[in-house]
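Participant: Have a look at this one before I ask anything.
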Amino acid sequence: MDQPHALLVASPGLGHLIPILELGNRLSSVLSVHVTILAVTCGSSSPVETEAISLAAERTACEIMELPSVDVDNLVEPGATVITKIVVKMRAMKPTVRDAVKSMKRKPTVMIVDFFGTELMSVASDLDLTAKYVYVTSHSWFLAVLVYLPILDKIVEGEYVKIKEPLKIPGCKPVGPKELMEMMLDRSDQRYKECVRVALEIPMSNGVLVNTWEELQGNTLDALREDRELSRVMKVPVYPIGPIVRTKRLVEKPNSIFEWLDKQRERSVMYVCLGSSGTLLFEQTMKLARGLELSGKRFVWVLRKPASYLGVSSSDDEQVSTSLPEGFLDRTRDVGLVVTQWAPQVKILSHGSIGGFLSHCGWSSVLESLTKGVPIMVWTGPAEQWMNATLLTEEIGVAVRTSELPSERIIGREEVASLVRKIVAEADEKGKKIRAKAEKVRVSSERAWTQNGSSHRSLFEWENDVALYRDLLVYIPTIFPSNQGPLTLASPPAKPWHRHPLFARFS
């Protein structure tokens, strides 16, 4: 039988591109699947995406095709959010993606899209691909809330942000106003309507791959599969195949960051980075700097150009340094390192001197930290990041977080210092428990991908299910029109089809 050919489609943005590139690499290396990745980029003005694609191409057998996205300004409302624009871009890319697939010498067997690209699944149906899947690059609690959203949309009146009681998700942790995904904050906004549509389309796939693992979120995964109400909404198999994270990138020596880290004690340094696009207001940058200094702990701070009070990023690189308190760099010269350029995050988190990670809490960064056993000081941004913070602090127990959303209130230096000490200080009792739990999570993350580990098994289960769909299509000689009764198998193969969840879709 021919080697399976998986077609992966990544939506615009580095945070969406990298998870798809890493999934493609995993499919290619573990399953020996031929992988083609269609990377829908932001356009020629995105050198960061182009660089990520080039680096991925150097270390993977995947074939990567870059597809510049179309202009959708005339298709969205004035002032539309980034999320809305991405979803609409992916919808507008359907003809381009269809043409790209048609031009391939080798027809794909299966299509995998991220949750921004669910409308592209119709291309898989139009071109008779065997199966279509959705890759949720976040965790299973996010997936549960997302697929249950159409139910909430019907039963909840008014805005979710004004609810007095947390939203109940069957079999899962309830969702309070602070944990709401960004798309749920305004039900009149186009992004909310798009989110509900995506939620309705996910169960129309053949299954969902999710970037988590059984040992981390077993209860939520069980609810998606077995809870009477939630599984009825989910409908399709869920495959936890995480953690899938970026691998360490080779860094040429000498490198000032690692020369500095090599001189520090084990687990003594707080790594501070708020994501690829994370910027702070000038005032918050000042408070964070003073808090790091007040903590007395060592730090590496990847500092982006600060935003003005109007939310406009500074265009002057020197502004990065001048936005810090006067004398800060001199006073912290022996205990801190401020980096104003790109920094190799995975390699930094892998260094033995790193004892904590002050993070914006995007799920990719969370996994990069957890797989290295590094506890997290949560500094949440938009999207589902406060939900991530609740998961990490209240359920998994590997993080501390600010008392309020940093986007709503300036966090003072005393609070910053206190949280840093909890993570890095050896004598702090709460910190000891968090560090011990982070180490247990690291071990479980490695075990999940050992031979016959939970995620290893789940990925092979997915491969077997794709083969089942392919076999079903071979054994069904005729697709009966709807007016001739339900779809049936004329000559079912000698396998226990009736006991497999996939068979329900053909009976």
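Participant: Give me, ordered by chain and number, the residues 5 or more places off Leu8 or on other chains with an amide H under 5 Å from its own placed amide H.
Facilitator: Amide H neighbours of Leu8, under 5 Å, 5+ apart: Thr36, Ile37, Leu38, Ile112.
Participant: Please list 3J(HN,Hα) in residue order for segment 346-357, calculated via the Karplus relation 6.51 cos²θ - 1.76 cosθ + 1.60 where θ = phi - 60°; whole Hz, with x for glycine and proline.
Facilitator: Here the 3J(HN,Hα) series is 4, 5, 5, 5, 7, 6, x, 7, 6, x, x, 9 Hz.
Participant: Determine, from the Cβ-Cβ distance of Met104 and Val335 and an R0 of 45 Å, the FRET efficiency 1/(1 + (r/R0)^6), rounded to the nearest 0.05.
Facilitator: 0.25
Participant: With θ set to phi - 60°, apply the Karplus curve 6.51 cos²θ - 1.76 cosθ + 1.60 along segment 432-440 and write out the HN-Hα couplings as whole Hz, x wherever there is a Gly or Pro.
Facilitator: Each residue of segment 432-440 in turn: 4, 5, 5, 5, 5, 5, 4, 5, 5 Hz.
Participant: Another question, if that's okay. Calculated FRET efficiency, Leu127 and Arg197, Cβ-Cβ r, R0 25 Å, to nearest 0.05?
Facilitator: It comes to 0.70.
Participant: Another one. State the percentage of accessible surface on segment 65-175 attributable to carbon and sulfur atoms; use a 1.4 Å probe and exclude ligands, DNA and RNA.
Facilitator: 52
Participant: Mind pulling the per residue volume of the convex hull built on the Cα atoms of segment 176-221? Å³ is fine.
Facilitator: Spread over its residues, the Cα hull of segment 176-221 gives 106 Å³ apiece.
Participant: Determine ³J(HN,Hα), in whole Hz, for all residues of segment 32-42 in sequence, where each value follows from phi through the Karplus function 6.51 cos²θ - 1.76 cosθ + 1.60 and θ = phi - 60°; x replaces Gly and Pro.
Facilitator: In residue order, the calculated couplings are 6, 8, 6, 10, 10, 10, 9, 9, 7, 9, 6 Hz.
Participant: Place +1 on the Cβ of every Lys and Arg and -1 on the Cβ of every Asp and Glu in segment 189-238, take the dipole about the Cα centre, and give the residue among Ala199, Leu224, Val236 whose Cα lies farthest towards its positive end.
Facilitator: Ala199
Participant: Which whole-number value in Å² is the accessible area per residue of segment 395-456, probe 1.4 Å? Present the calculation step by step, with values, prior to reporting the outcome.
Facilitator: Working: 3160 Å² over 62 residues.
For segment 395-456, the solvent-accessible area averages 51 Å² per residue.
Participant: While we're looking at this one, here's another question. With a 1.4 Å probe and every protein chain left in place, tell me how much accessible area Glu426 has, in Å² to the nearest 10.
Facilitator: Here the accessible area works out near 120 Å².
Participant: Amide H to amide H under 5 Å from Arg401: which residues, 5+ apart in sequence or cross-chain, H placed 1.01 Å off N in plane?
Facilitator: Those qualifying (amide H under 5 Å, at least 5 residues apart or on another chain) are Val378.
Participant: Pull up all non-local amide H partners of Gly207: gap of 5 or more, or a different chain, and H-to-H distance under 5 Å with H placed in the peptide plane.
Facilitator: Those lying under 5 Å, H to H, from Gly207 are Val134.
Participant: Accessible area of segment 415-475 with a 1.4 Å probe: how many percent of it is carbon plus sulfur? Before the final figure, lay out the partial values.
Facilitator: Values: 1590 of 3070 Å².
In segment 415-475, the share of accessible area belonging to carbon and sulfur is 52 percent.
Participant: Considering only protein heavy atoms and a 1.4 Å probe, what is the carbon-and-sulfur percentage of the accessible area of segment 193-276? Mind dumping the intermediate values first?
Facilitator: Values: 1870 of 3940 Å².
The nonpolar share, carbon plus sulfur, comes to 47 percent.
Participant: Ok, one more. Set the bar at 25 Å for Cα to Cα. Now go through Lys132/Lys235; Lys287/Lys437; Lys85/Lys173 and name every pair that lies beyond it.
Facilitator: From the list (Lys132/Lys235; Lys287/Lys437; Lys85/Lys173), the Cα-Cα distance tops 25 Å for Lys287/Lys437; Lys85/Lys173.
Participant: What's the magnitude of the charge dipole for segment 337-418 around its Cα centre, counting Lys and Arg as +1 and Asp and Glu as -1 at the beta-carbon? Answer in Debye, nearest 20.
Facilitator: Computed charge dipole of segment 337-418: roughly 320 debye.
Participant: Have a look at segment 103-208 and give its Rg and Dmax from the Cα atoms, expressed in angstrom.
Facilitator: 15.9, 56
The values are calculated or read from the model by the stated rules, or taken from the named source; none is laboratory data. Computed from a prediction, not measured in an experiment: that's the story for all the values here. Backbone-built Cβ (ideal geometry, glycine too); neighbour counts: all protein chains shown. These area figures cover heavy atoms from the full protein model, side chains too; ligands, DNA and RNA do not enter into them. Shrake-Rupley method; radii C 1.70, N 1.55, O 1.52, S 1.80 Å.
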